[in-house]
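**Q** A single structure is presented below for examination.
Every number in this text was worked out from the coordinates using simple rules, so none of it is lab data. Note that the structure is predicted; figures quoted are calculated from it, not measured. Reconstructed Cβ throughout: ideal geometry from the backbone, glycine too, with neighbour counts over all protein chains shown.
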Ligand SMILES: [Zn+2]
């Protein structure tokens with residue numbers, strides 16, 4: 001039986017504390033290289049406003065991709081304030097591509113954007129490697145939880 005991700009440059013595994021799963025490079029990835037597509041069904045932006053899932057990715061002023069399906073492996077990619085990938089919209093598809101060279105074993109990350117950060121990440125403190133190295137743990141636990 002052939003696994004669909006057999007030849008992929010990544011695999012899903014446990015990430016840092018509090019981050020759940022993440023996507024990790026299984027081989028070096030060059031800057032600019034396509035890594036994975038963020039897939040899901042199309043919903044209108046209006047519909048998306050009423051949805052509670054966090055796996056929403058706005059395509060344009062009309063459509064949003066609902067990436068909450070388990071088949072969307074890209075949903076395991078964690079946010080980072082110092083990411084190694086970027087998400088770009090190419091022909092109506094969301095492509096996650098390497099922003100810089102990535103080493104084998106490195107966690108694949110991209111910047112979720114200001115809106116998502118303010119709504120879901122800032123309240124509990126960002127767990128990305130950059131913020132973890134800059135912020136003492138004691139300050140993180142003091143962050144407002146509202
Ligand atoms: Zn961060």
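**Q** What distance in nm separates the simple spin-label points at residue 59 and residue 132, each placed 7 Å from Cα in the Cβ direction?
**A** 3.5
**Q** Still on this structure: Using a 7 Å offset from the Cα along the Cα-to-Cβ direction at both residue 51 and residue 37, what is the distance between the two label points in nm, to one decimal?
**A** 1.7
**Q** Next question, about the same structure. Evaluate the relative contact order of the chain (contact order divided by residue number), counting alpha-carbon pairs under 8 angstrom at least 6 apart; express in whole percent.
**A** Once normalised by length, the contact order is 25 percent.
**Q** Compute the length gained on full extension between residue 93 and residue 117: take 0.36 nm times their separation in residues and subtract their Cα-Cα distance, giving the result in nm to one decimal.
**A** 6.4 nm
**Q** Identify which of 41, 50, 100 has the largest mean-square fluctuation in a Gaussian network model of the chain, with springs joining Cα atoms closer than 10 Å.
**A** Fluctuation is largest for 50.
**Q** Let me ask another. For the chain, with a Gaussian network of springs between Cα atoms less than 10 Å apart, report the residue from 64, 73, 52 with the top mean-square fluctuation.
**A** Comparing 64, 73, 52 in the GNM, the peak value goes to 52.
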